[in-house]
1. I'd like to know which of T135, H84, V174 lies farthest towards the positive end of the charge dipole of region 3-184, counting +1 on Cβ of Lys and Arg and -1 on Cβ of Asp and Glu.
2. Give or take rounding to whole Å, what are the principal axis extents of the alpha carbon atoms in region 144-200, in descending order?
3. Which one of Q189, Q112, Q27 has the biggest mean-square fluctuation once the chain is modelled by GNM with Cα springs under 10 Å?
4. Over region 67-150, with a single point scatterer placed on each C-alpha, what log10 of the ratio I(q)/I(0) does the Debye formula yield at q = 0.12 1/Å?
5. Under a 1.4 Å probe, what is the accessible area of region 81-200 per residue, stated in Å²?
6. In whole angstrom, how far apart do the alpha carbon centroids of region 122-142 and region 159-192 sit?
7. Any idea what Rg and Dmax come out to for the chain if you just take the C-alpha atoms, in Å?
8. Out of the total accessible area of region 41-84 (probe 1.4 Å, heavy atoms of protein only), what percent is carbon and sulfur?
Amino acid sequence: MGRIIVISTGGTIASRWQGAGFAAEAQGSEVMAATVVPDGVSVEVVDLFNLNSARLTTSHQLTLLHTVHELLADPGVDGIVVAHGTDTLEESAFLLDLHHDDPRPVVFTGAQRALDAVDGDGPANLRDALLVAATARDLGVLVAFDGTVHAARGTVKRQTLATDAFGDPSGDRVGKVGFGQTSLLRRPQRAGALRAAQQG
């Protein structure tokens, strides 16, 4: 279905127990190794950061924005997935959506449970995000989490611990993922993209 780039930034999806707490330490390839890649999807991994997302700064988010634009400059890329911590996922996704004017999707996902948890939700979320990135078009930046797909604009973290962490209080979900396919339920309204800020 397509060539997808996974940008790994850390967060719970890349976290392991360190004795006194969890820390984002796993590389993107290790996160991908726990994930079932959908048929027809080829994946390349870019390790951008390895941070708990509460530590992300505006500088980190601008670096992510510019990295996405650089990757999408390659016409052979069909979509991008950003594996991100949930504490600041909504802010990063919103920032990228403000500057996103490409029909190819950028899909954010993450996890509420650590990579080494027996009941970890990261692998399923990442698999769903890959499927969305390979099939969705002209929807802007999206958030795929717990079998649902949300538009970046309006989506917030609603749950601290539950796996259905994200939702849009002002609107319905954009779609859902199940049985190996994505179902589109609505097309979000989006304003024109802003010019990307210069990095420096």
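1. V174
2. Principal axes ranked by extent give 41, 27, 24 Å for the Cα atoms.
3. Q189
4. Each listed q maps to, in turn, -0.33.
5. 46 Å²
6. 11 Å
7. Reported Rg and Dmax, both Å: 15.2, 47.
8. 51 percent
The values are calculated or read from the model by the stated rules, or taken from the named source; none is laboratory data. All values derive from a computational prediction rather than experimental measurement. For neighbour counting, all protein chains shown are included, and Cβ atoms are generated from backbone atoms with ideal geometry for every residue, glycine included. The protein model used for the area step is the full one, side chains on, heavy atoms only, and it has no ligands, DNA or RNA in it. Shrake-Rupley method; radii C 1.70, N 1.55, O 1.52, S 1.80 Å.
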